[in-house]
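Report on the structure given below.
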Amino acid sequence: MSQTNNRSDKCSTLPKALKINLTLTTLNLDANWIVENGVQALAEALKTNSNLTTLNLAGSWIRSNVAVSLSEALNTNSTLTTLDLQNNLIGDNGVLALSEALRD
């Protein structure tokens, strides 16, 4: 799904599918502009997903509050080993929340 300017209505099925995913291990959403509630829904799905090991959200316009939601998902998800968040607008609060989640 490279460079597709997603909106919440277009990407609402993805988090639902991730909740029941039994095979997908890598998801590349690089350079997608995913709206805030879309990424938050994705973070919620990560809390229960047990197969995804790699998630690329580089250049997806993710901001600090959404990074905090992702950090909460990382606290419960034990299978995700690679999370690419480069070229986003995460800010200090987001970086702090993510680093604390990764430390646990």
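The values are calculated or read from the model by the stated rules, or taken from the named source; none is laboratory data. Only a predicted model underlies this, so the values are computations on that prediction, with no experimental measurement involved. No Cβ is skipped: glycine too gets one built from the backbone with ideal geometry, and neighbour counts run over all protein chains shown. The area values use the complete protein model at the heavy-atom level, side chains included, leaving out ligands, DNA and RNA. Shrake-Rupley method; radii C 1.70, N 1.55, O 1.52, S 1.80 Å.
At-a-glance table
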read-out: Count - residues of region 50-72 that are within 10 Å of ASP30 (Cβ to Cβ) and small (Gly, Ala, Ser); value: 3
read-out: Members of region 33-70 that are over 9 Å from the mean Cα position of the chain (by Cα), assigned to a helix (DSSP H, G or I) and polar (S, T, N, Q); value: ASN37, THR48, SER64, ASN65
read-out: Filter pass, ASP92 being acidic (Asp, Glu) and touching a residue at least 40 places away in the same chain (Cβ under 8 Å); value: no
read-out: Flag for ASN32 being at pLDDT 90 or above and touching a Ser or Thr at 6+ places or on another chain (Cβ under 7 Å); value: no
read-out: In region 13-29, the residues that are modelled with pLDDT under 85, open to solvent by 50 Å² or more (accessible area, probe 1.4 Å) and in a loop (DSSP other than H, G, I, E, B); value: LEU22
read-out: Selection from region 45-78 of residues that are at pLDDT below 95, closer than 18 Å to LYS16 by Cα and surrounded by fewer than 16 Cβ atoms within 10 Å (Cβ to Cβ); value: LYS47, THR48, SER50, ASN51, THR76
read-out: Close pairs from region 30-42: first open to solvent by 10 Å² or more (accessible area, probe 1.4 Å), partner assigned to a helix (DSSP H, G or I), Cβ under 6 Å, at least 6 apart; value: GLU36/VAL66; GLN40/SER69; ALA41/PRO15
read-out: Filter result (among the β-branched types (Val, Ile, Thr) and open to solvent by 50 Å² or more (accessible area, probe 1.4 Å)) within region 79-98; value: THR81, THR82, VAL95
